[in-house]
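J.: Encoded as structure tokens, here's the structure I'll be asking about.
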Amino acid sequence: MQHALLDGTRLRSRFVTDVLCQQGCEWAALPFAEHGITDSGATWQERRLRVVEKAVRPSGTYEEPSTYIVSGASDCLRVRLSDGSVDEYPLEGEDLLAQLLAIFAPKALKFSNETLVFDLDSSSGGLFDRLCDEVFASSALWPVNIVALGGTDQITKAFEVDRRKPENAYWFLKEDGKLVFLGNGCRAGDRSISHALSERLSLEDAILRIQFIRAGKLLELVKDPTTQTKLASEYLDEIAMPSARLTKLPVHRAFQEVADANCDALVDRTEENV
């Protein structure tokens, strides 16, 4: 999926659709099947699109994305979940990248990404810098959003290092308890990204907006309004997003339409019970 978004071509979307359908995951091809029609005269591609559109997503695939925070220590690196759990996972010795992947690799196929946060203010050099280099060099196709954050000195030093900066990496300056967006990848970010992240944000809000940036790219591949609505609804269910929270977020209109419909349905049920 990440490759199809990065590539953006119909041929890549067709390839992703081929693979997902061959694996019996037709539901996951929903964003790509229409965009992946490379021959309008090929009736089998149209038939497959209908199969994908009618596919029912298994309930076990609705796995909410997690956030993992990587910080430095004197003798090793530590990874912890941001959900309040006390468990920490050490990273030490060789094969830091393999150790990290074993911790945060998603357990189920889904539309949303895991989030990997690098707290640059905790950097103790050495292992931390090495892991950053390895992650940025190889993560462009991972199902992960990367958030690098730090104070002025640390974030400037890290951002100016001549390393590959994939488009799924977002850089933020810590300022008075909030995050200020600097850019994503090696560019200042396109207008839609800059607009979505233009406010001073908490880490939680920044991560949520980045999720919807990626979700918006998935929806842009889909032209059929009914399919857009289905995909938007499944995405909101996947990330366990309350409809009321969407009103303050710059999201694709399909999400807002689903949220409005959910709110109307809730009002109708409430009135029926009165």
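J.: For residue 242, state whether it is closer than 16 Å to residue 65 by Cα and at pLDDT below 90. Walk me through how you get there before you give the answer.
T.: Values: closer than 16 Å to residue 65 by Cα: yes; at pLDDT below 90: yes.
The answer is yes for residue 242.
J.: Would you mind telling me which numbered condition in (1) part of a strand (DSSP E or B); (2) over 23 Å from residue 114 (Cα atoms) residue 14 fails?
T.: (1) is the only condition that residue 14 fails.
J.: Working carefully through the options 208, 219, find the one that is closer than 21 Å to residue 140 by Cα and in contact with a helix residue (DSSP H, G or I) (Cβ under 6 Å, 6 or more places away or on another chain). Show your work before the answer.
T.: Details: 208 fails: in contact with a helix residue (DSSP H, G or I) (Cβ under 6 Å, 6 or more places away or on another chain).
It is 219.
J.: Okay, next question. Residue 33: out of contact with any Cys (no Cβ under 7 Å at 6 or more places or on another chain) and either of a type in the set (S, T, N, Q) or not in a loop (DSSP other than H, G, I, E, B) (or both), yes or no?
T.: Values: out of contact with any Cys (no Cβ under 7 Å at 6 or more places or on another chain): yes; either of a type in the set (S, T, N, Q) or not in a loop (DSSP other than H, G, I, E, B) (or both): no.
No, not satisfied.
J.: For residue 178, indicate whether it is at pLDDT below 80 and either crowded, with 21+ Cβ neighbours inside 10 Å or farther than 16 Å from residue 249 by Cα (or both). Reasoning before the result, please.
T.: Details: at pLDDT below 80: no; either crowded, with 21+ Cβ neighbours inside 10 Å or farther than 16 Å from residue 249 by Cα (or both): yes.
Criteria not met by residue 178.
The values are calculated or read from the model by the stated rules, or taken from the named source; none is laboratory data. Everything numeric in this text was worked out from a predicted model, so none of it was measured. As a convention, Cβ positions derive from the backbone with ideal geometry for all residues, glycine included, and neighbour counts pool all protein chains shown.
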